[in-house]
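Here, each number is a calculation from the coordinates, and none is a lab measurement. Everything quoted here is computed from the prediction, not taken from an experiment. For neighbour counting, all protein chains shown are included, and Cβ atoms are generated from backbone atoms with ideal geometry for every residue, glycine included.
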Amino acid sequence: MFKELDKKIDMEFVHPMGHRLIPYCIALDTGWEADTIYDYIRMRMGDNRVIGIKGSKGNGPIISTTPRYQNKGNIPLFRVAKDTSLETLYSWLEVKKPGPAYCNFPKFYKDTKKHERKLNYFEQLKAFYRKPYYKKGVLHYEWDYSGRKESNDCRRYAMAALFHSLRLGADLNKWCDDIMSNTPEQMNEILMREEASGFY
């Protein structure tokens with residue numbers, strides 16, 4: 001599995017608009033097969049793009065500014081605040097117009113099975129909800145979920161990687177400007193390719 005991940009980390013991806021991109025930050029959740037993930041992160045300690053993360057309850061920065069080493073693997077782990085990341089994600093999903101915080105998703109496939117998988121993705125994305133409870137007579141709320149939630153976790157951990165990338169000096173505005181620098185003819189060719197690929 002990790003040989004395949006190595007290939008993905010070190011390869012270039014072609015953006016639909018024609019530009020080549022490389023992964024800037026890869027955040028690995030250590031809550032699953034922790035020892036295996038620890039070993040992998042340790043092997044790539046010289047690569048600042050690969051970081052270990054651990055979800056935790058409460059507020060605070062979406063991803064901690066400094067890592068902690070108090071773990072079985074003795075590797076740097078960054079904390080991802082559950083409450084803050086969920087609140088941020090759900091506020092972003094409410095943004096209706098393209099711009100800051102707008103979430104862009106691929107269009108639905110015409111293929112029925114792919115369409116169904118897409119719907120399942122969004123069900124998982126919205127799996128969390130605020131559950132009320134009382135403590136010493138005072139109303140509080142906590143995040144809970146129903147059903148599967150993998151796409152939500154992946155989206156929030158990708159957000160954590162994004163914020164970590166910004167700290168490392170990623171210039172998103174420059175990347176966007178480069179991508180949008182295509183000529184009208186190039187843009188039309190890209191749209192034609194998307195139409196031919198089976199998207200609505």
query: Phe122 label point, 7 Å along Cα→Cβ, cut-off 19 Å on backbone N: hits in region 75-96?
result: 89-96
- prompt: Where the only charges are on Cβ atoms (+1 Lys, Arg; -1 Asp, Glu), what is the dipole of the chain about its Cα centre, to the nearest 20 debye?
  reply: 840 debye
field: Choice from Asn104, Asn59, Asn152 showing the highest fluctuation, given a GNM over the chain with Cα pairs closer than 10 Å
entry: Asn104
- request: Evaluate the relative contact order of region 1-81 (contact order divided by residue number), counting alpha-carbon pairs under 8 angstrom at least 6 apart; express in whole percent.
  value: 24 percent
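Just to confirm the filter: which GluC sites (Glu not before Pro) across region 1-95 are DSSP coil and have at most 11 other Cβ within 10 angstrom of their Cβ? Kindly include the intermediate steps, with their values, before the conclusion.
Values: sites: Glu4, Glu12, Glu33, Glu87, Glu94; in loops: Glu12, Glu33, Glu94.
Within region 1-95, the qualifying GluC sites (Glu not before Pro) (loop, at most 11 other Cβ atoms within 10 Å) are Glu12, Glu94.
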- prompt: Residue separation times 0.36 nm, minus the C-alpha to C-alpha distance between Thr66 and Met43: what's the value?
  reply: 6.3 nm
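Add +1 for every Lys or Arg and -1 for every Asp or Glu among the other residues with Cβ under 10 Å from the Cβ of Ile26, and state the total.
On the way: positive: Lys8, Arg44, Arg49; negative: Asp47.
Neighbourhood net charge equals +2.
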- line: With the 8 Å Cα cutoff and a minimum separation of six or more residues, the chain has a relative contact order in percent of 19 percent
field: Qualifying trypsin sites (Lys or Arg not before Pro) in region 1-78, DSSP loop, other Cβ atoms within 10 Å at most 11
entry: Lys57, Lys72
task: Report the local net charge at Leu77: Lys and Arg +1, Asp and Glu -1, summed over other residues whose C-beta lies under 13 Å from its C-beta.
output: +4
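Using R₀ = 25 Å, calculate the FRET efficiency as 1/(1 + (r/R₀)^6) where r is the Cβ-Cβ separation of Cys154 and Lys174; round to 0.05.
0.45
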- line: Placing each pseudo-label 7 Å from Cα in the direction of the beta carbon, Thr88 and Lys131 end up separated by a distance in nanometres of 2.5 nm
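Give Lys118/Lys149; Lys149/Lys174; Lys82/Lys135; Lys82/Lys174 a once-over and call out the pairs whose C-alpha atoms are over 22 Å from each other.
Values: Lys118/Lys149 14 Å; Lys149/Lys174 33 Å; Lys82/Lys135 20 Å; Lys82/Lys174 30 Å.
Checking Cα-Cα distances, Lys149/Lys174; Lys82/Lys174 exceed 22 Å.
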- prompt: Can you sort Ser85, Ser165, Ser91 so the residue with the fewest Cβ neighbours within 10 Å comes first?
  reply: Ser91, Ser165, Ser85
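Going by how many other beta carbons lie within 10 Å of each one, how would you line up Cys103, Cys154, fewest first?
Starting with the residue having the fewest Cβ neighbours, the order is Cys103, Cys154.
Kindly provide the chymotrypsin sites (Phe, Trp or Tyr not before Pro) of region 1-69 that DSSP labels as loop, not H, G, I, E or B, and whose Cβ sees at most 10 other Cβ atoms within 10 Å.
Details: sites: Phe2, Phe13, Tyr24, Trp32, Tyr38, Tyr40, Tyr69; in loops: Tyr24, Trp32, Tyr69.
Here the chymotrypsin sites (Phe, Trp or Tyr not before Pro) that fit, given the DSSP loop and packing criteria, are Trp32, Tyr69.
Taking Rh as the Kirkwood radius computed over C-alpha pairs, what is the Stokes-Einstein D of the chain at 25 °C in a medium of viscosity 0.890 mPa s, expressed in µm² per second? Provide the component values of the computation, followed by the final result.
Values: Rh = 19.4 Å.
Rounded to a whole number, D works out at 126 µm²/s.
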query: Fewest to most neighbouring Cβ within 10 Å: what's the order for Phe78, Phe128?
result: Phe128, Phe78
